[in-house]
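Shown next, in structure tokens, is the structure this report addresses.
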Amino acid sequence: MAMTTSQRARMSKTIQIGIFVIAIVAVIAAVDWDKTAYAFFSFDQLGPMFPDMILIGLKNTIFYTIISFAFGLVLGLILALMKMASFAPYRWFATAFIEFFRGIPAILVLLAFGFGLPQAFGTNWPQPVNVMFALGLVSSAYIAETLRAGLQAVPKGQTEAARSLGMPAWRAMVTIVIPQAFKIVLPPMTNEIILLTKDTSLAFILGASLAQYEMTKFGRDGISSLDAGITPLVVAGLFYLVITIPLSLVARKLESRSTRTKR
Amino acid sequence: MTTPNNELRVKASGVDIAGLRKSYGSNEVLKGIDLTVKPGEVVCLIGPSGSGKSTLLRCVNLLEKPNGGTIHVAGFETTDPEVNLDKMRQNVGMVFQQFNLFPHLTVLENCTVAQLKVLKRSKPDAEKTARENLERVGLGDFGGRYPDQLSGGQQQRVAIARALSMEPTLMLFDEPTSALDPETVGEVLSIMKNLAKSGMTMLVVTHEMSFAKEVADRVVFMDGGVVVEEGKAAEVIGNPQQPRTQDFLRRVLDPTHVDI
């Protein structure tokens, strides 16, 4: 018997809900809840992790993110300007740099700073400096591309108007183009900070003193020292969300405020 | 709209262009242009699209770099490689077809930003000058708005006030009414007319023949990268001598009676 379009739509919806319900029931039935609760939710065992998890771990995660981002932003802006330069070797260098650091895993760069550089040049930088340089280098490659796209998205007429008022090229860039590009790059830049926040979890690979631990390191140590399954990592994960979700909200707010002045 | 202030008189400077050439690759857009604008004179550049008139205008303040010839403007030889372009441009106001207001700044800030950053005026001085010029274009009450809250005609008037706030001795207009809705063209033209009366030197690329006829001291007709005909506005528009000028004006003035 032929069905009308609306009958078919209702039928399809019913089937989808049915499959969804069956899947949930199957998972609930299959899971061993005692073991699951032990592995993921043994929150009552976590007493020894605190307050260091917050006072040291959360603080360091935020600290590493900020210094890496600051370094990455400065370097990224330089690379973006180099990529737009009329002097060809600048463009070649920037392109090669970006492709290299965008193409290799962040953890390799961290290892290079933590172990390669000390061997090669006898450097003995504290861990935060290594993290800042390594993660900053990697993020600068992404930031450069984002900034370049943002700067080039500002209409050429804006620069022309600024120059025709007697502004030198750098002044037109700083006062007219960059503020407009900032609004364009805000969403991808938020992404970049969130990625960077999570990448700071790689810092443990360099080893560190307690005062330099970030949240993932506390989580890993918690697994071995506490009888709580991987609950310490679950907690670390929740604390990452405590950083990243407010970041997204702030960015969304800035974005909606700036749409008023769009062209 | 408040009454524009006609009392303001301006210091005026002229333009002297000799043998100006400009090419894009193998495409020669300006083929040796000679043009003089005396201080206080209003000259309209007319001609079909692609004739090079906008390029000529943009060469005057060196937004386009000429390939040959010389340009003297406001006491600067702009074609001299050693010239201080930024200093020269402080004296040469420019109004664009697409307004090019700064969308992230308020109307008042649009008019003060270059005064503050380039002329290093104090904020009260800059705002006073900006307010006077916004007053002059009839937008004295619009200082706190953003460009996207204004109509096209209002935006173009702000663009004029922004340029005037630098107290230029010469104003360049690049088809200032071409991007406007027809009902807002008049308000921009009347501002320009008042500006002309105040003694400003103006070089205007336009398709508004009635404006050219009424306001311009001289009209220059360009086609194919050369000046075909120039003279008093009434003569060039009312009684053109060259066939190309006659043909162009017939099509512009009476678009429905074109032989195809």
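The values are calculated or read from the model by the stated rules, or taken from the named source; none is laboratory data. Quick caveat, the model's predicted, so the values are computed rather than measured. Heads up, the Cβs are rebuilt from the backbone with ideal geometry, glycines too, and the neighbour counts pull from every protein chain shown. Areas reflect the complete protein model, heavy atoms only, side chains present, ligands, DNA and RNA absent. Shrake-Rupley method; radii C 1.70, N 1.55, O 1.52, S 1.80 Å.
Some notes on this structure:
- Listed by first and then second residue, the pairs linking a residue in segment B:84-99 that is more than 13 Å from B:Leu63 (Cβ to Cβ) and more than 7 Å from chain A (Cβ to nearest Cβ) to a residue that is open to solvent by 50 Å² or more (accessible area, probe 1.4 Å) and among the acidic types (Asp, Glu), with Cβ atoms under 7 Å apart and 6 or more places separating them unless they lie on different chains, form an empty list.
- Answer from B:Ala196, B:Ala159, B:Ala216 - the residue that is within 14 Å of another protein chain (Cβ to nearest Cβ) and hydrophobic (A, V, I, L, M, F, W, C): B:Ala159
- Test result for B:Val107, crowded, with 24+ Cβ neighbours inside 10 Å and in contact with a Gly (Cβ under 6 Å, 6 or more places away or on another chain): yes
- Any chance A:Gly219 is touching a Phe, Trp or Tyr at 6+ places or on another chain (Cβ under 6 Å), more than 24 Å from A:Gly72 (Cα to Cα) and away from chain B (no Cβ under 14 Å): no
- When segment A:112-124 is filtered for residues that are over 19 Å from A:Ser201 (Cα atoms) and surrounded by 12 or more Cβ atoms within 10 Å (Cβ to Cβ), the ones remaining, listed by number, are A:Gly116, A:Leu117, A:Pro118, A:Thr123.
- Of the helices (runs of 4 or more DSSP H) lying entirely inside segment A:129-244, the ones with 1 or more residues being over 30 Å from B:Met166 (Cβ atoms) are found at A:178-199, A:215-225.
- Flag for B:Phe142 being open to solvent by 10 Å² or more (accessible area, probe 1.4 Å), more than 17 Å from the chain's Cα centre (by Cα) and either of a type in the set (A, V, I, L, M, F, W, C) or within 9 Å of another protein chain (Cβ to nearest Cβ) (or both): yes
- Residue match in segment A:195-204 (condition: more than 14 Å from chain B (Cβ to nearest Cβ), at pLDDT below 90 and open to solvent by less than 40 Å² (accessible area, probe 1.4 Å)): yes
- Every residue from segment B:58-83 that is part of a helix (DSSP H, G or I) and within 11 Å of another protein chain (Cβ to nearest Cβ): B:Arg58, B:Val60
- Listed by position, the strands (runs of 3 or more DSSP E) enclosed by segment B:142-253 include none that has at least 3 residues that are in contact with a Pro (Cβ under 7 Å, 6 or more places away or on another chain) and either of a type outside the set (S, T, N, Q) or without any contact (Cβ under 8 Å) to a residue 60 or more places away in the chain (or both).
- Residue count for segment A:145-168, restricted to those that are open to solvent by 60 Å² or more (accessible area, probe 1.4 Å) and at the interface with chain B (Cβ under 10 Å from one of its Cβ atoms): 1
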